[in-house]
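Working notes, beginning with the structure itself.
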Amino acid sequence: TALVIGFGSGTTVGSSLTYPVQSVDCVEISPEVIDASQYFNDVNRRALEDPRLRLYIDDALAFLKVTQRTYDVIMSEPSNPWIAGIGNLYTLEFFEECKKRLNPNGLMVQWFHLYEMDDGLLKLVLRTYRAAFPNVTVWQVQSTDILIVGSKTNIQLDFGRMDQRLKQQKVMEDLSRVQIPNAATLLSLQVLSPNSVRDYAGVGDLNTEDMPRLEYSAPQAFFVNRGVKELSRLDERMNVGKNDLFLAQRIQQKVLSDEELRSIGILHTRPIRGNLTFGYTILSDYNRRYPNDLAVLQHLADAA
């Protein structure tokens, strides 16, 4: 079972339904967003027509306080936090309500952005998140977009099962749209393990309902447009062999194949995707072994 907070174009809901889920609930506050969904059928897989979807036009925080449902995954992707009222969906109280609705071993996935933001506010969000979820990792889905994944317990991945899940036809087709052909490439999106999240977030204030710091600081960060700079310094992918990332755990069990190396390198050397230096390093290693792969040469040239 899954809960998606914010329908948007419906892409996340549609992607969720490519898996053999029992049900997906979606809470969207604006009925006009649902009315506009028809214009995004090519990217959301006509999610509104799937009988497994239950749609609620409601405020997400109010919904969480009254529902008795519990979920294996909760995905929250509200609008940018400089918009009035959005800060409520980044408070400790909101994250605690989400935690109450998670099944054992469930995952809470929170979208956040790095553009028109700064390190101080990202640290504020991560500290607040960690106050609710003891286990937090950070994943970079695009150069300036991240996913914060939280859980009540330590996450133990079954890599073999993960490989099989990603080979399901609908899932494979869906992930191919974002250049992720295998589990290793998906794992390469992780930036920080729990210890690094703790070190980066540090100790300090939290974002709460009675002290809504994000609500008032986000518009200032939007105006100044300094950007998040420190996160790249702690990116564990640049410390190969000495990190706690899931990809490193996967490599300990099974060495990356040439095709996995190639797909990781190509993903990270695409415009607005991933870590360019990491991708260039991976592709350079691959290129030494396969110097006649013209597609890889082109990506290396563009990255350089």
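For Asn154, what charge total do you get from the other residues with a beta carbon under 15 Å from its beta carbon, if Lys and Arg give +1 and Asp and Glu give -1? Walk me through the intermediate numbers first.
Details: positive: Arg130, Lys152, Arg198; negative: Asp158, Asp244.
Net of charged neighbours comes to +1.
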So for the stretch 15-172, using the alpha carbon gyration tensor with a ≥ b ≥ c as root eigenvalues (a/c under 1.5 gives rounded; past that, a/b versus b/c decides prolate or oblate), I'd call it rounded
Magnitude of the Cβ-charge dipole (Lys and Arg +1, Asp and Glu -1) of the stretch 78-167 about the Cα centre, nearest 20 debye, reported as 420 debye
Loop-resident GluC sites (Glu not before Pro) in the stretch 144-245 with no more than 15 other Cβ atoms inside 10 Å, DSSP not H/G/I/E/B, are Glu209
Net charge (Lys, Arg +1; Asp, Glu -1) of residues whose beta-carbon lies under 12 Å from that of Ile86, Ile86 excluded, is -3
By the Cα gyration tensor axes a ≥ b ≥ c (a/c under 1.5 gives rounded; else a/b larger than b/c gives prolate, otherwise oblate), the shape of the stretch 119-191 is oblate
Out of Gln179, Met108, Thr153 - ranked by how far each Cα lies towards the positive end of the dipole of the stretch 102-201, with unit charges on the beta-carbon of charged residues - the top one is Thr153
The farthest towards the positive end of the charge dipole of the chain, of the residues Trp82, Gln68, Tyr290, given +1 on Cβ of Lys and Arg and -1 on Cβ of Asp and Glu, is Tyr290
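What is the gain in length, in nm to one decimal, between Asp50 and Thr70 on full extension, counting 0.36 nm per residue of separation less the C-alpha to C-alpha distance?
Numbers: separation 20, 0.36 × 20 = 7.20 nm, distance 2.03 nm.
So the extension gain works out to 5.2 nm.
Please give the charge dipole size of the stretch 22-176, origin at the Cα centre, charges +1 on K and R Cβ atoms and -1 on D and E Cβ atoms. Round to the nearest 20 debye. Please list the in-between numbers first.
Numbers: 17 positive and 22 negative charges, 156 e Å.
Dipole of the stretch 22-176, to the nearest 20 debye: 740 debye.
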Per residue, accessible area of the stretch 17-170 with a 1.4 Å probe, heavy atoms of protein chains only, in Å², comes to 47 Å²
Packing-ranked peptide list from 277-286, 8-17, 100-109, highest mean Cβ count within 10 angstrom first, is 8-17, 277-286, 100-109
For the stretch 126-274 the translational diffusion coefficient, Stokes-Einstein from a Kirkwood Rh over Cα pairs at 37 °C and viscosity 0.692 mPa s, in µm²/s, is roughly 192 µm²/s
Candidates for Rg and Dmax of the Cα atoms in Å are (i) 35.3, 131; (ii) 23.0, 85; (iii) 19.5, 61, and the calculated one carries label (iii)
Computed for the chain: size of charge dipole around the Cα centre, +1 on C-beta of each Lys and Arg, -1 on C-beta of each Asp and Glu, debye to nearest 20, value 900 debye
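The values are calculated or read from the model by the stated rules, or taken from the named source; none is laboratory data. The structure displayed is predicted, hence computed values, not measured ones. All Cβ positions, even for glycine, are placed from backbone atoms using ideal geometry, and neighbour counts span all protein chains on display. These accessible areas exclude ligands, DNA and RNA; they are computed on the full protein's heavy atoms, side chains included. Shrake-Rupley method; radii C 1.70, N 1.55, O 1.52, S 1.80 Å.
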